[in-house]
Amino acid sequence: MKKLVVLTGAGISAESGIKTFRDADGSWEGHDVMKVASYDGWLENKALVLDFYNQRRRQLHTVVPNKGHLTLAEMEDHYEVHIITQNVDDLHERAGSTNVLHLHGELLKVRGDSPYPTEVMEWKEDLLEGDCDPQGNQLRPHIVWFGEQVPAMEDAIAITEKADYLVIVGTSMQVYPAAGLLHYAPKRIPVFYIDPKPATLYEVNNSVEIIEKTATEGVPYLKELLVNGF
């Protein structure tokens with residue numbers, strides 16, 4: 001099977017009811033982003049950060065995958081589909097996709113707050129101060145905060161380098177290091193960009209077919225296009 005690599009962002013999850021990462025004023029759900037999505041913010045006020053992600057986790061339990069997520073899962077019948085997502089929700093997995101790489105971590109996972117690697121654990125309920133890993137470290141959300149390394153980047157690059165098709169859904173690909181993945185796509189492969197308000201893609205070396213549709217409309221359209229031929 002040919003390899004279909006899909007880069008997804010906030011736009012696809014927004015159609016399920018999950019708010020995009022930043023509002024127009026740079027805040028996230030009314031919070032200064034750096035207060036709830038940086039390690040300095042965590043050190044300053046752990047209770048605030050934990051409460052913020054507890055609310056996000058509760059909201060995630062109330063939403064379901066949309067047609068965009070479901071169609072990407074269906075495409076595994078025809079392609080070797082690899083999803084590289086900037087989203088921290090589990091909607092791709094719930095839709096049935098089997099190869100999902102989360103660049104920025106996962107909301108339903110936690111790990112110990114330690115300078116050394118610690119076990120990543122499933123966590124579906126509220127996370128509180130005093131919840132610790134077996135070594136006694138306070139547990140923190142398994143989220144890549146601003147200024148932190150993106151451990152999954154090497155794997156994401158390796159996957160992108162072997163793509164036969166590249167699809168971009170619901171992300172402007174303007175934020176690094178994720179935006180740099182476009183540079184690693186093989187030259188001359190087909191690239192499809194699904195977004196109702198597409199941005200300029202600066203890193204891509206290939207010609208891009210723009211599909212000016214939402215994810216719920218554009219991904220089914222792309223499936224028909226690829227399955228039935230160009």
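Odds and ends about this structure:
- Residue of Leu182, Leu128, Leu103 that the Gaussian network model of the chain assigns the largest fluctuation, springs spanning Cα pairs under 10 Å: Leu128
- Dipole moment magnitude, nearest 20 debye, segment 27-143 about Cα centre, only Lys, Arg, Asp, Glu C-beta charged: 200 debye
- Charged neighbours of Asp131, selected by a Cβ distance under 14 Å, balance to -2 (K, R count +1; D, E count -1).
- Overall form of segment 143-184 per C-alpha gyration tensor (a/c, 1.5; a/b vs b/c): oblate
- Across Lys124/Lys223; Lys162/Lys213; Lys187/Lys223; Lys19/Lys109; Lys187/Lys213; Lys67/Lys109, pairs whose alpha-carbon gap is larger than 29 Å: Lys124/Lys223
- In this Cβ point-charge picture (+1 for Lys and Arg, -1 for Asp and Glu), the chain has a dipole of about 480 debye about its Cα centre.
- Estimated vicinal HN-Hα couplings, Hz - segment 35-44 in sequence order (Karplus 6.51, -1.76, 1.60; Gly, Pro = x): 7, 10, 9, 9, 5, 4, x, 4, 5, 6
- D_trans [Stokes-Einstein, Kirkwood Rh over alpha-carbon pairs] for the chain, 4 °C, 1.567 mPa s, µm² s⁻¹: 71 µm²/s
- Signed unit charges on C-beta, dipole axis of the chain, positive-most listed residue Asn137, Gly17, Val36: Gly17
- 0 to 90° range, to nearest 10: angle between helix 46-60 axis and the chain longest Cα axis: 40 degrees
- Per residue, the accessible area of segment 40-184 comes to 47 Å², computed with a 1.4 Å probe over protein heavy atoms only.
- Given the chain, longest segment not containing exposed loop GluC sites (Glu not before Pro) (DSSP; at most 16 other Cβ within 10 Å): 30-118
- The calculated FRET efficiency for Leu128 paired with His183, based on their beta-carbon distance and R0 = 30 Å, is about 0.10.
- Look at the alpha carbon pairs under 8 Å that are at least 6 residues apart: their mean separation over the length of the chain gives a relative contact order of 24 percent.
- Positive dipole terminus of segment 104-197, leading residue within Val169, Leu127, Phe192 (C-beta point charges): Phe192
The values are calculated or read from the model by the stated rules, or taken from the named source; none is laboratory data. What you see is a predicted model; the values in this text were computed from it and never measured. All Cβ positions, glycine included, derive from the backbone under ideal geometry; neighbour counts span all protein chains shown. Each accessible area value is taken on the protein alone, full model and side chains, heavy atoms only, with ligands, DNA and RNA left out. Shrake-Rupley method; radii C 1.70, N 1.55, O 1.52, S 1.80 Å.
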